[in-house]
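Just so it is clear, none of the values below were taken in a lab; they were calculated from the coordinates. Here the structure is a predicted model, which is why all the values come from computation and not from measurement. Cβ atoms come from the backbone with ideal geometry, glycine included; neighbour counts cover every protein chain shown.
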Amino acid sequence: MSVSAFHEAPSQGLLIDSSPSLPNIMHLLEPRNSREHVEAFAAAVRAGLSREPKTLPFEYFYDDEGSRLFEAICKLPEYYVTRTEDAILRRHAPDMVKCLRRADGPLGEPTLVELGSGSAVKTRRLLAAALKRCGRLDYVPIDVSASALEESAGQLARKFPGLGITGYVADYRRGLERIMATAAGPRLIVFLGSSLGNYTMEGASDLLSMIGGLMGESDRLLLGTDMAKDAPLLEAAYDDSMGVTAAFNLNLLHRMNRELAADFRPDGFRHRAVYRPDRGRVEMHLVSLRDQSVQIPAARIAVRFREGETIHTESSHKYTLGMLAELRGAAGFVEESAWTDHRGWFRLQLWRRAG
Ligand code: AVJ
């Protein structure tokens with residue numbers, strides 16, 4: 001396939017004229033500044049900070065600033081997760097997409113659905129392999145960050161002629177329900193980066209069951225999971241020397257200030273990451289450095305913090321084979337194949353629905 005001069009032309013007009021497969025972005029979420037969105041955030045904050053111990057839902061890390069900080073985390077020397085998964089993908093992508101076949105009837109193109117695509121850098125390995133195999137492919141990323149989705153969809157459209165892209169700004173459930181009702185099979189759903197790890201074992205099993213419930217016989221789930229390993233490695237990965245992960249965690253306080261008119265003093269808290277092998281996870285907390293009280297007007301609460309009290313902001317599960325087998329069984333999947341790196345730090349597994 002040759003790249004025409006049009007593709008490099010700076011003019012938007014020429015780009016549109018020359019590209020039959022410009023990404024299509026569907027919005028199933030309320031925009032960030034809408035009243036519904038602010039109210040949902042306020043309700044989550046009120047619930048989490050009224051509880052003992054205090055918590056905040058991890059979903060709220062990913063505003064534009066948080067998504068940008070997460071991309072920076074992925075490049076840190078301590079954060080081996082992204083690099084390790086990418087090495088496995090680089091090596092085995094052609095095997096991972098074998099469930100996809102060239103469309104041979106009126107059924108439409110093979111489809112690769114991605115949950116939480118972010119910047120979709122690692123996904124390129126899979127897209128390249130699937131395009132080589134099938135010629136054409138529909139790529140359907142789902143992400144809550146409109147900016148991340150728009151940017152990566154634009155880049156991928158330029159890089160991969162033959163790829164049809166429809167992005168969904170949506171939560172996983174609503175996005176998947178819509179996509180699985182419309183896209184013809186076979187469909188490969190990819191859930192990379194150990195994003196599943198943010199869910200409790202129960203939440204993960206519910207999410208996987210929901211996904212399985214929408215899958216047909218010829219569909220497959222490709223799931224990337226970070227594995228249990230030595231505490232120092234894990235704690236360094238979540239508390240890097242440049243302080244990027246700390247900034248990512250503290251951004252939640254800035255976000256409450258920005259969106260809920262809260263008066264958090266971010267220098268009154270510090271980032272803490274601790275591996276709890278008994279719970280199978282790394283936990284991130286924000287630790288209050290003193291007794292203090294914070295007003296959150298949009299959530300209609302004032303919150304008191306004791307010195308040393310923490311907000312539990314994230315869990316990142318680090319799986320054993322036993323934990324993965326438990327999830328697989330509970331959610332009704334069967335494993336077809338699995339790939340790992342030479343140190344066994346990260347695992348990609350291909351599952352189909354049981355029965
Ligand atoms: C995007 C959920 C996979 O848990 O490792 C990175 C997020 N948090 N550093 C992870 C994260 C702190 C990341 N996931």
Report task. Rank-order 28-36, 295-303 by packing density, defined as the average count of other C-beta atoms within 10 Å over each peptide's residues, highest first. Result -> 295-303, 28-36
Query raised in the report: Once you put a point 7 Å from the Cα of GLN155 and another 7 Å from the Cα of THR182, both along the Cβ direction, what distance in nm separates them?
Result: 2.5
Report task. Take the alpha carbon atoms of the chain, find their radius of gyration, then divide it by 2.2 N^0.38 Å using N residues; give the quotient. Result -> 1.03
Query raised in the report: How far apart, in nm, are two points set 7 Å out from the Cα along the Cα-to-Cβ line at SER50 and at GLU65?
Result: 2.7
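Indicate the gyration tensor shape class of region 88-232 (rounded, prolate or oblate), computed on the Cα atoms with a ≥ b ≥ c the square roots of the eigenvalues: a/c under 1.5 is rounded; otherwise a/b larger than b/c is prolate and the rest oblate.
Values: a/c = 1.42, a/b = 1.31, b/c = 1.09.
Verdict is rounded for region 88-232.
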Report task. Would you work out if region 220-261 is rounded, prolate or oblate? Take a ≥ b ≥ c from the square roots of the eigenvalues of the alpha-carbon gyration tensor; rounded if a/c is under 1.5, else prolate when a/b is larger than b/c, oblate otherwise. Result -> oblate
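Which whole number of Å³ per residue matches the convex hull of the alpha-carbon atoms in region 28-76?
88
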Report summary line: So for region 308-355, using the alpha carbon gyration tensor with a ≥ b ≥ c as root eigenvalues (a/c under 1.5 gives rounded; past that, a/b versus b/c decides prolate or oblate), I'd call it oblate
Requested in this report: Quick one: compute a quarter of the convex hull surface over the Cα atoms of region 86-171 and quote it in nm².
Outcome: 5.5
Query raised in the report: Where does each of 240-250, 38-48 land if you order them by average Cβ count within 10 Å, highest first?
Result: 240-250, 38-48
Report summary line: Between the modelled labels at LEU233 and LEU321 (7 Å from Cα along Cα→Cβ) the distance in nm is 1.7
Query raised in the report: What is the count of Lys pairs in the chain whose alpha carbons sit under 14 Å apart, if the two are 8 or more places apart or on different chains?
Result: 5
**Report entry** Unit charges on C-beta of K, R, D, E only; dipole of the chain, Debye
**Finding:** 540
**Report entry** Extended-chain gain in nm, criterion 0.36 nm per residue less alpha-carbon gap, HIS342 and ALA72
**Finding:** 94.7 nm
Report summary line: The answer for GluC sites (Glu not before Pro) in region 206-305 that fall in a DSSP coil and have at most 10 neighbouring Cβ atoms within 10 Å is GLU217
